[in-house]
1. For the range 179-320, just run the numbers: alpha carbon Rg, then divide by 2.2 N^0.38 Å, N being how many residues it has.
2. Sort 317-327, 71-81 by the packing proxy (mean of other Cβ within 10 Å over each peptide's residues), most packed first.
3. Order of 136-142, 154-160, 56-62 by packing, highest average Cβ count within 10 Å first?
4. What fraction, in whole percent, of alpha-carbon pairs in the range 253-339 exceed 20 Å separation?
5. Over the range 181-250, what is the relative contact order in percent, taking alpha-carbon pairs closer than 8 angstrom and at least six residues apart?
6. Which semi-axis lengths, in whole Å and largest first, follow from the square roots of five times the eigenvalues of the Cα gyration tensor of the range 27-84?
7. How many angstrom separate the Cα center of the range 38-64 from the Cα center of the range 293-315?
8. Quick one: Kirkwood hydrodynamic radius for the range 181-250, alpha-carbon pairs, angstrom, one decimal?
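Each reported figure results from applying straightforward, stated rules to the coordinates on display, with no laboratory input. Since the model is a prediction, treat every value here as computed from it, not as a measurement. Quick reminder, even Gly has a Cβ in these numbers, built from the backbone with ideal geometry, and neighbours come from all protein chains shown.
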């Protein structure tokens, strides 16, 4: 289509019967400027229409083509003007202009698709109902495929056999694979993360096998970036995730409260009533999930205390909110103990002396 447009412009110059290359050059530049003005007027009206719609894809498509089309007009007009000058003055440049033009068009096409992928990624990552990890993975795969297609197209345009390049790649694949073993293992590790989805960007993860704990910020092709809780970045090779156990606390359904309390031995008569009141308090607490396991029981005759424990789960998984709920539960347990005229025990030791022994020593 672009070649037909260029042929039409050449026929137009011939029909105008303008022999002076300066005049031909001026006509081409004038036509280019007119096309630029027409395109910009069309672009302004199109942007107004697109802003009124709620569909994301029209914004993405327009963002992808708007600037490349603008530069395509400049490229076609500029190359045509240069050809007029080169052919009139019999310059060597005229032989290479078609090749440069084709390569430039391929680059513009690649740029348009790259803008499409980047805009789509930016748009869908911002949506809360989209899986950020999947969107990022698809975007990276699309960029990689686009780069391969454009490079092979340029190579073919330059006259190099693509089949020969692919055959050479096949023969050298084993050597390259051996040399880049770690790189390939990290690449396949990233693919496994994207496919199995043990975690995604924004999740809090940790590993009992390694000193890894923090929030996932990015899952790259080679390494994943994890921000530790002291705000330090941790770069983990993706191949490591295929060899270790990864815990994802972000996907927990509830948070657990598991605490033990010790009462004085002199308060043994109040233990049963205290346990009953604590159990009732947890059953009626608005932030405790009563559908989960809830246990309040006397547990142990300890050295200096009568121990009972609570085992229950909160409805929320938010770390900060969980500690507010836990604090409220512990304070209410303390109030219940106080209401029963009991006290929490602390380590004590009683020494019993035989009166006869004391009299004998006296």
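1. 1.54
2. Per-residue Cβ counts within 10 Å, averaged per peptide and sorted highest first, yield 71-81, 317-327.
3. Result, highest mean first: 136-142, 56-62, 154-160.
4. For the range 253-339, the fraction of Cα-Cα distances above 20 Å is 32 percent.
5. Relative CO of the range 181-250 lands at 36 percent.
6. After scaling each eigenvalue by five and taking roots: 29, 12, 4 Å.
7. Taking the Cα centre of each part, the range 38-64 and the range 293-315 sit 65 Å apart.
8. 11.8
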